[in-house]
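Peer 1: I have a structure I would like to understand better, so I am pasting it below and will then ask my questions one at a time.
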Amino acid sequence: MFPSYEIAQISTSTYAYITVSAPTSILTTSATLNGNVLSVGAGNPTITFYYDTTNYGNTTSGWANNVSATYAGGIASFSANVSSLAAGTVYYFDAKADNTGSGGGVSWSGASSFLDLPNAPTSPSATPITSQVNFSWTPATGGTGTTIYTQIQYSVSGYPSAYNTGVTGLSWTTSSSGAVSGLVGGQLYYFSLFSEAVNGTNISYSVANATISATPLTGTTTGTTTGLPNNPNGFVDAPVIGQVGGDNYVIMGSILNSSFLINSITGSGGTTTTGTNQILGSSEGKLLWETLLPLAIIIFGAIMIFMNWKHPVKMMVIFIILVLMLIIVQAFIRAIG
């Protein structure tokens, strides 16, 4: 007995047999569509790509765009460049082969899809605080069904050029703000913001990025403030021109004598912070209560002496009390300053 075999039937169709493959050179608004001719059938076909944000299937109707493919003939690949795409959008494409003129007919590859690249975030801003930088930005937008995420990468030697280079400071988020913490105060950092587009199982990343640099603050600093505005109760909520660590600052906050809590501080380099950082220093400007209280004691003492000028003993006692009060007041001012 001899073994039996099945004989596979070889297609002798006059239609061309084509497939599409993954697009290449995908950018935010352009891509290269690709395919392969596996059989020419009755003769080399003319190949056309159809593409749109909706899959209309194996038909010429419905598709908003079409482009002729570059094809050399025979069993070979074919391709076409497409442009004017919307960033972060899923596109469907199908290829049609027509060799009707050679006695064949029209055949289709079947549709496939791809997600082009998203744009980078825009308008980044950075607000340094102690060992941290707070960010805000405008996220990129995508097509229907696409979710856009933003990630921040940083380096101390230059702006990261891709979403997977440098150090990840803030991982993918759909928010328009976030913070990078655990930084070294006083160190200049370079930040790059990237976009990720996700639509179903399709994922793409921005090539372009938004960049910004910032230097986080070091926290408590000792320095000298100048030009404090006067206020009877010892507090001020007006801007104060000061100098801290050799740099000029404009300080907004509450000031009591020479120790004060700040609401915001803007350095000459343009960086700003908010929070409860405390700057300790010696005030060259004198608040009113520091001078009015001793002056009031002196005036009061002068009046009492004048009223008792005929009583030398009383005058001497008043003078001694006056001196003691001034000494106590000055000691109190120095103690709280």
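Peer 1: Normalising by the residue count of region 1-127, find the relative contact order in percent from Cα pairs under 8 Å and 6+ residues apart.
Peer 2: Numbers: 309 pairs, mean separation 39.2, N = 127.
After rounding, I find 31 percent.
Peer 1: Output the peptides 51-62, 110-121 sorted from most to least packed, where packing is the average of other Cβ atoms within 10 Å over each peptide's residues.
Peer 2: So the order, starting with the most tightly packed, is 110-121, 51-62.
Peer 1: Hey, what's the Cα Rg ratio for region 17-114 versus the globular rule of thumb, 2.2 N^0.38 Å?
Peer 2: In units of the globular-protein estimate, region 17-114 measures up at 1.03.
Peer 1: With no solvent and one equal point scatterer per Cα, compute the Debye intensity ratio I(q)/I(0) for region 122-214 at 0.11, 0.14, 0.16, 0.24 Å⁻¹ and report its log10, rounded to two decimals.
Peer 2: Summing over Cα pairs of region 122-214 leads to -0.29, -0.46, -0.60, -1.22.
Peer 1: Could you tell me the relative contact order of region 122-214? Use alpha-carbon pairs under 8 Å, at least six residues apart, and round to a whole percent. Could you put the intermediate results ahead of the total?
Peer 2: Details: 220 pairs, mean separation 31.1, N = 93.
Contact order relative to length: 33 percent.
All of the numbers you see were taken from the coordinates with simple rules; none came from a lab. Everything numeric here is computed off the predicted structure, so don't read it as measured data. FYI the Cβ positions are ideal-geometry reconstructions off the backbone, even for glycines, and counts take in every protein chain you see.
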